[in-house]
1. Would you be able to tell me the number of residues in segment 221-249 that are surrounded by 17 or more Cβ atoms within 10 Å (Cβ to Cβ), in a helix (DSSP H, G or I) and touching a Ser or Thr at 6+ places or on another chain (Cβ under 9 Å)?
2. Those residues that are closer than 14 Å to Ser229 by Cα and β-branched (Val, Ile, Thr), I need them from segment 73-99; list them, please.
3. Taking the stated definitions as given, is Lys158 modelled with pLDDT under 95, in a helix (DSSP H, G or I), out of contact with any His (no Cβ under 9 Å at 6 or more places or on another chain) and closer than 20 Å to Gly52 by Cβ?
4. With the requirement that a residue be out of contact with any Phe, Trp or Tyr (no Cβ under 9 Å at 6 or more places or on another chain) and of a type in the set (A, V, I, L, M), what does segment 210-233 give you?
5. Which is touching a helix residue (DSSP H, G or I) at 6+ places or on another chain (Cβ under 6 Å), basic (Lys, Arg) and touching a residue at least 60 places away in the same chain (Cβ under 8 Å), of Arg188, Arg211?
6. Looking at segment 187-209 only, could you name the residues that are surrounded by 14 or more Cβ atoms within 10 Å (Cβ to Cβ) and in a loop (DSSP other than H, G, I, E, B)?
7. Could you grab me the full set of residues in segment 83-109 that are touching a strand residue (DSSP E or B) at 6+ places or on another chain (Cβ under 7 Å) and of a type in the set (Ser, Thr, Tyr)?
Amino acid sequence: MNGHHDGLDPHRAVCVIRGRRRRPTIVRDRGIMDGGGESQETGSVMRVISYGGGVQSTALCVLATQGKIGHVDAALFANVGDDSEHPSTVKYVREVMRPWCLDRGLLVHETKRVRRDGRVETLLDRLVRDTRSVPIPLRMDPSGAPGRRSCTQTWKIKVITKWLKAHGVTKENPATVLIGFSTDEAHRASNRTPSDYEIPEHPLLDLRLSRTDCKAIIKRAGLSVPPKSACWFCPFHRPANWERMRRDDPEMFGRVAELERMLIERRKSLGKPPMYMTRFGRPIDEAIKERQPDLVGLDAPDTDSCDEGYCWT
């Protein structure tokens with residue numbers, strides 16, 4: 001990786017094509033590589049970090065700036081919407097990690113879902129607008145199991161794939177995507193299905209780093225530890241997270257309960273059974289009580305979360 005700043009706009013990528021039969025020439029733009037899926041840094045396959053804004057992927061960014069996980073061309077943050085991502089995650093990415101990484105030669109690039117008409121569509125937009133389907137994994141009653149979801153595929157995987165294709169990646173020459181799964185959630189790596197445009201790597205597993213190790217890496221770099229990354233209304237939140245939200249951010253918890261009520265009423269109008277934010281088979285404001293004060297140093301691992309590596313890392 002290279003700390004050189006060439007004075008170009010860090011939010012633009014440049015592709016120069018010289019002749020029809022030649023591959024695109026890659027122009028360095030603060031970490032963005034363009035053309036043929038290659039990195040100008042080494043002439044090798046493009047390597048990017050799947051940056052979710054949480055602890056593990058933040059540790060990956062730190063390790064990348066330290067040259068400990070090989071060359072990295074960019075860290076890609078697929079923002080599902082400022083109204084959908086947890087506000088603390090968006091703030092951390094933009095105010096802490098993006099400038100910190102840029103000073104060290106690594107671009108944290110933010111992507112969003114853009115419709116054919118040019119309008120940015122957020123996940124909350126779709127939840128409110130779509131009257132037929134629900135893109136998030138609401139919990140089925142009575143099993144409590146998560147239902148089908150399209151949120152990660154539509155707002156994360158497809159958006160990142162579109163960015164990779166725009167920067168020269170092909171099925172024949174896929175990018176290497178670094179995923180932030182740590183040793184305490186190694187099972188998520190085996191559950192993940194990569195796209196045709198990527199080859200996943202798991203540096204934290206290779207280095208045998210746990211979530212606690214990742215926090216230590218971040219702190220040693222002089223950074224604050226980021227909050228867990230996920231949409232504020234994600235049904236994969238553990239009960240303890242919902243309890244903490246009700247205690248510490250009752251306004252946001254109220255928004256979750258209001259959104260759940262709207263989705264339940266919509267399903268009722270369609271003749272469908274209710275689905276819930278939690279596995280307890282009743283509305284969240286009935287199922288979740290306010291959490292008691294946390295014990296210092298207690299940080300239970302996540303046991304129920306998205307396995308794609310774009311969220312909860």
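1. Number satisfying all stated conditions: 1.
2. If the condition is that a residue be closer than 14 Å to Ser229 by Cα and β-branched (Val, Ile, Thr), then Val80, Thr89, Val90, Val93 are the ones that fit.
3. Working: modelled with pLDDT under 95: yes; in a helix (DSSP H, G or I): yes; out of contact with any His (no Cβ under 9 Å at 6 or more places or on another chain): yes; closer than 20 Å to Gly52 by Cβ: yes.
Answer is yes for this residue.
4. Matches in segment 210-233: Ala216, Ile217, Ile218, Val225.
5. Checking each option against the conditions leaves just Arg211.
6. Going through segment 187-209, the residues surrounded by 14 or more Cβ atoms within 10 Å (Cβ to Cβ) turn out to be 188-189, 192, 194-195, 197-198, 200-205, 207, 209.
Arg192, Pro194, Ser195, Tyr197, His202, Leu207, Leu209 - these are the residues of segment 187-209 that are surrounded by 14 or more Cβ atoms within 10 Å (Cβ to Cβ) and in a loop (DSSP other than H, G, I, E, B).
7. Listed by number, the list holds a single entry, Ser84.
For every residue, the table says whether it meets (1) modelled with pLDDT under 55; (2) surrounded by fewer than 16 Cβ atoms within 10 Å (Cβ to Cβ); (3) in contact with a His (Cβ under 7 Å, 6 or more places away or on another chain).
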| site | (1), (2), (3) |
| --- | --- |
| Pro274 | no, no, no |
| Asp285 | no, no, no |
| Ile288 | no, no, no |
| Gln292 | no, yes, no |
| Leu298 | yes, yes, no |
| Cys306 | yes, no, no |
| Gly309 | yes, no, no |
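The values are calculated or read from the model by the stated rules, or taken from the named source; none is laboratory data. Predicted, not measured: the structure shown is a model, and the values here were computed from it. When we count neighbours, we look across all protein chains shown, and the Cβ atoms used for this are built from the backbone with ideal geometry, even at glycine.
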